[in-house]
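The values are calculated or read from the model by the stated rules, or taken from the named source; none is laboratory data. Just so we're clear, the structure is a prediction, and the values are computed from it rather than from any experiment. Every residue, glycine as well, gets a Cβ built from its backbone with ideal geometry; the counts of neighbours run over all protein chains shown.
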């Protein structure tokens, strides 16, 4: 097989593995093996530019070109659905379609996803265009961004039509939405109001690598092709599954009005347990011939309608608005209300996000406010009952100074929020950064959590990141709740954090707007901290994923002499301040999962993990039934040992690992 044949083979094979992993939830190969094959394909494509293919699996990472969206015309109009809000309106719809059919008919009842409509066009099994709904006639071409969404197949399987359009919804799962919002507010960005807004914003990014970093899914629900004589809509959905599309498993073929109403009632409760937002039910005539006969109005199809669930609302009294200061200095207003039951929970607080929302609502002290759960997740104030406003009530206004330290608040051009500039003197900012530093995804210091950080800070033991590395076992013993064993574990966990890679440190030190994805991009471009500290604005803006706002934040951070001093102190304690290149050595450990526990004399834990991954293995953080081996050093935790023995997971040492690799790998101490 020559190199060009190898490219074709790898593309087909990796498309298949993507489908196994993201669509069928049944992976066949391990992550490391997948990454190695992807690296090989990337290298071969670079050697053969004439073989370029926009649907290659290598293109899922997204382009860094900052182009403008172009508008494209839909082959068929993308119309919106008419809405119904009562059982009577649903009955009227059913009677209407049955009259058109001349008797009772089947209707498919599907969940109405609260996302962003998308049209996907495939030619000869290849994705050629993705577009938003737009005005129904024309939409924005978002093909580059759509290619980064793992549940959108780039290449179809099975007996697919040569030309095909699929319509569906781009979604952001609730869990991913909440985590992304936490990360956004943590680094100084405004939180998204709901998963739909987050999905829309992510799909319309100018830089597709940003879209690739967002937790997006795509659910397809309608097939358009002239090459298949499908009789029923439900039949076409089943065929689409075989072509590689993700179709909601929760649709139901209803044979009567009562079955439709039962489906609506069933999902009024069950929808709250889904991993993504739904705001109603879509009803479609299943007979495609009848669909064509009934036709369309100017705005919507006559053969379909949407039943919208009513958002649960409650009234409560606004007691006060308080202001929280985050670790990056962003000040967030929070409405404190009299407790009120709403959608199965007791609500007494709601984020107001920024001054613009306060003014839009025209909030006054003592107002009776209307509260609902935005996107079924976040309590939000959607209105004020003006007749109940108490006389003499004063309007809520944003403070001019920081509620914590009294410093002047500022609002940057183009920003909705205010923030406190007292970076090194505002307690919530200092404490927030110290907590962020030890968290998972940053330096991941397992024995130190939020309560422990507050205890260390309150007792004057930690005020900067470098102070963590000055702590001794005796320092921990001086604090309430610590015994020798727990003090020793905390000390060792801090020492082990020195091995964390450079990009994790860049994220951990808390530069405003620098999340984990941006930190990885920075580490690849500016491979050591000195290069980054001395980078010009032009160099930063030219880097991948770095815009003007992030560049300005980085420059401001390193212009602060105290921050530069902090970097030097971390350097003196031996932390990683440069990017270490990890080369693929072999596939000797492919298909095996490892957990590393304890302390090793000849190699650091992070270096050991990199060694395992370089030889095809996968490293996990906790022991499970999927764990193949635990590599144990000194002071392995007794709970981990007990769990490994209970699950029958083999515990090995560094020598046995080297034998598995082949005895060819040597640590720095051996060299």
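Return yes or no: is residue 205 closer than 23 Å to residue 277 by Cβ, at pLDDT below 90 and not in a helix (DSSP H, G or I)?
yes
Does the stretch 233-241 contain at least one residue that is in contact (Cβ under 8 Å) with a residue 40 or more places away in the chain, more than 25 Å from residue 192 (Cα to Cα), outside the structural domain of residue 357 (by TED's automatic domain parsing) and more than 33 Å from the chain's Cα centre (by Cα)?
The answer is no; no qualifying residue exists.
From the list 562, 607, 568, 613, pick out the single residue that is part of a helix (DSSP H, G or I), more than 29 Å from the chain's Cα centre (by Cα), in contact (Cβ under 8 Å) with a residue 40 or more places away in the chain and not assigned by TED's automatic domain parsing to the domain that holds residue 444. Full working, then the answer.
On the way: 607 fails: more than 29 Å from the chain's Cα centre (by Cα); 568 fails: in contact (Cβ under 8 Å) with a residue 40 or more places away in the chain; 613 fails: more than 29 Å from the chain's Cα centre (by Cα).
Residue meeting the stated conditions: 562.
In the stretch 47-65, which residues are modelled with pLDDT of 85 or more, part of a helix (DSSP H, G or I) and closer than 22 Å to residue 521 by Cβ?
The one that is modelled with pLDDT of 85 or more, part of a helix (DSSP H, G or I) and closer than 22 Å to residue 521 by Cβ: 57.
Evaluate the stretch 580-588: report whether one residue or more is in a helix (DSSP H, G or I) and within 30 Å of residue 624 (Cβ to Cβ).
no
What are the residues in the stretch 78-88 that are outside any loop (DSSP other than H, G, I, E, B), surrounded by fewer than 17 Cβ atoms within 10 Å (Cβ to Cβ) and touching a residue at least 12 places away in the same chain (Cβ under 8 Å), if any? If you could, list the steps in order and put the result at the bottom.
Taking the stretch 78-88 as the starting set, the residues that turn out to be outside any loop (DSSP other than H, G, I, E, B) are 83-84, 87-88.
Filter once more, so that each one left must be surrounded by fewer than 17 Cβ atoms within 10 Å (Cβ to Cβ): 83, 87-88.
Across the stretch 78-88, the qualifying residues are 83, 87.
(1) touching a strand residue (DSSP E or B) at 6+ places or on another chain (Cβ under 7 Å); (2) over 30 Å from residue 254 (Cβ atoms); (3) modelled with pLDDT of 90 or more; (4) assigned to a helix (DSSP H, G or I): which one isn't true of residue 32, the others all being true?
(3)
Would you check if residue 307 is touching a helix residue (DSSP H, G or I) at 6+ places or on another chain (Cβ under 7 Å) and part of a strand (DSSP E or B)? Lay out the reasoning, then the answer.
On the way: touching a helix residue (DSSP H, G or I) at 6+ places or on another chain (Cβ under 7 Å): yes; part of a strand (DSSP E or B): yes.
Yes; evaluated as a whole, the condition is true for this residue.
Looking at (1) touching a residue at least 60 places away in the same chain (Cβ under 8 Å); (2) under 33 Å from the mean Cα position of the chain (by Cα); (3) surrounded by fewer than 17 Cβ atoms within 10 Å (Cβ to Cβ), which one does residue 270 not meet, given that it meets all the others?
Result: residue 270 fails condition (1) only.
Determine which member of the set 158, 176 is out of contact with any strand residue (DSSP E or B) (no Cβ under 6 Å at 6 or more places or on another chain) and more than 30 Å from residue 549 (Cα to Cα).
So the residue among 158, 176 that is out of contact with any strand residue (DSSP E or B) (no Cβ under 6 Å at 6 or more places or on another chain) and more than 30 Å from residue 549 (Cα to Cα) is 158.
A quick yes/no check of all residues on (1) under 21 Å from residue 109 (Cβ atoms); (2) at pLDDT 95 or above:
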{"position": "290", "(1), (2)": "yes, yes"}
{"position": "300", "(1), (2)": "yes, no"}
{"position": "305", "(1), (2)": "yes, yes"}
{"position": "312", "(1), (2)": "no, no"}
{"position": "326", "(1), (2)": "no, no"}
{"position": "348", "(1), (2)": "no, no"}
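Anything in the stretch 620-640 that is touching a residue at least 24 places away in the same chain (Cβ under 8 Å), surrounded by fewer than 17 Cβ atoms within 10 Å (Cβ to Cβ) and not in a loop (DSSP other than H, G, I, E, B)? List them, or say none.
620, 634 - these are the residues of the stretch 620-640 that are touching a residue at least 24 places away in the same chain (Cβ under 8 Å), surrounded by fewer than 17 Cβ atoms within 10 Å (Cβ to Cβ) and not in a loop (DSSP other than H, G, I, E, B).
Assess whether residue 366 counts as being modelled with pLDDT of 90 or more, surrounded by 14 or more Cβ atoms within 10 Å (Cβ to Cβ) and farther than 24 Å from residue 558 by Cα.
Working: modelled with pLDDT of 90 or more: yes; surrounded by 14 or more Cβ atoms within 10 Å (Cβ to Cβ): yes; farther than 24 Å from residue 558 by Cα: yes.
Considered against the rule, which asks whether it is modelled with pLDDT of 90 or more, surrounded by 14 or more Cβ atoms within 10 Å (Cβ to Cβ) and farther than 24 Å from residue 558 by Cα, residue 366 comes out as yes.
Please report, ordered by residue number, the strands (runs of 3 or more DSSP E) entirely within the stretch 110-201 with at least 3 residues that are under 24 Å from residue 16 (Cα atoms) and in contact (Cβ under 8 Å) with a residue 40 or more places away in the chain.
Where strands (runs of 3 or more DSSP E) fall fully within the stretch 110-201 and carry at least 3 residues being under 24 Å from residue 16 (Cα atoms) and in contact (Cβ under 8 Å) with a residue 40 or more places away in the chain, they are 116-123, 126-132, 163-171.
Looking at 497, 556, 586, which one is in contact with a helix residue (DSSP H, G or I) (Cβ under 9 Å, 6 or more places away or on another chain) and surrounded by fewer than 15 Cβ atoms within 10 Å (Cβ to Cβ)?
Details: 497 fails: surrounded by fewer than 15 Cβ atoms within 10 Å (Cβ to Cβ); 556 fails: in contact with a helix residue (DSSP H, G or I) (Cβ under 9 Å, 6 or more places away or on another chain).
On inspection, the qualifying residue turns out to be 586.
Which one of 508, 490 is free of Cβ contacts under 8 Å to residues at least 60 places away in the same chain, within 20 Å of residue 444 (Cα to Cα) and surrounded by 21 or more Cβ atoms within 10 Å (Cβ to Cβ)? Before the answer, list the steps.
Numbers: 508 fails: free of Cβ contacts under 8 Å to residues at least 60 places away in the same chain.
Of the residues listed, the single one that is free of Cβ contacts under 8 Å to residues at least 60 places away in the same chain, within 20 Å of residue 444 (Cα to Cα) and surrounded by 21 or more Cβ atoms within 10 Å (Cβ to Cβ) is 490.
Kindly establish whether residue 152 is under 17 Å from the mean Cα position of the chain (by Cα), farther than 14 Å from residue 114 by Cβ, modelled with pLDDT under 90 and crowded, with 22+ Cβ neighbours inside 10 Å. I'd like the intermediate steps shown before the answer.
Details: under 17 Å from the mean Cα position of the chain (by Cα): yes; farther than 14 Å from residue 114 by Cβ: yes; modelled with pLDDT under 90: no; crowded, with 22+ Cβ neighbours inside 10 Å: yes.
Criteria not met by residue 152.
Answer yes or no: is there a residue in the stretch 316-324 that is under 27 Å from the mean Cα position of the chain (by Cα) and touching a residue at least 60 places away in the same chain (Cβ under 8 Å). Talk me through it step by step, then tell me what you get.
Taking the stretch 316-324 first, the residues under 27 Å from the mean Cα position of the chain (by Cα) are 323-324.
Now restrict to residues that are touching a residue at least 60 places away in the same chain (Cβ under 8 Å): 323-324.
Looking for residues that are under 27 Å from the mean Cα position of the chain (by Cα) and touching a residue at least 60 places away in the same chain (Cβ under 8 Å), one finds at least one in the stretch 316-324, hence yes.
Mind checking which residues of the stretch 106-135 are over 28 Å from the mean Cα position of the chain (by Cα) and under 30 Å from residue 257 (Cβ atoms)?
Selection gives 106, 107, 108, 109.
Quick one: count up the residues across the stretch 465-482 that are under 21 Å from residue 499 (Cβ atoms) and either assigned to a helix (DSSP H, G or I) or at pLDDT below 95 (or both).
Number satisfying all stated conditions: 6.
For residues that are closer than 21 Å to residue 563 by Cα, buried (at least 17 other Cβ atoms within 10 Å of the Cβ) and touching a residue at least 24 places away in the same chain (Cβ under 8 Å), scanning just the stretch 445-468, find the one that is nearest to the chain's Cα centre (by Cα).
Restricting to residues being closer than 21 Å to residue 563 by Cα, buried (at least 17 other Cβ atoms within 10 Å of the Cβ) and touching a residue at least 24 places away in the same chain (Cβ under 8 Å), the top hit is 465.
Just to be sure, is residue 234 in a helix (DSSP H, G or I) and modelled with pLDDT of 95 or more? Quick ask: steps written out before the conclusion?
On the way: in a helix (DSSP H, G or I): yes; modelled with pLDDT of 95 or more: yes.
So residue 234 passes the test.
Would you check if residue 128 is surrounded by fewer than 20 Cβ atoms within 10 Å (Cβ to Cβ) and in contact with a strand residue (DSSP E or B) (Cβ under 6 Å, 6 or more places away or on another chain)? Reasoning before the result, please.
On the way: surrounded by fewer than 20 Cβ atoms within 10 Å (Cβ to Cβ): yes; in contact with a strand residue (DSSP E or B) (Cβ under 6 Å, 6 or more places away or on another chain): yes.
Here the answer is yes, as residue 128 does meet what is asked.
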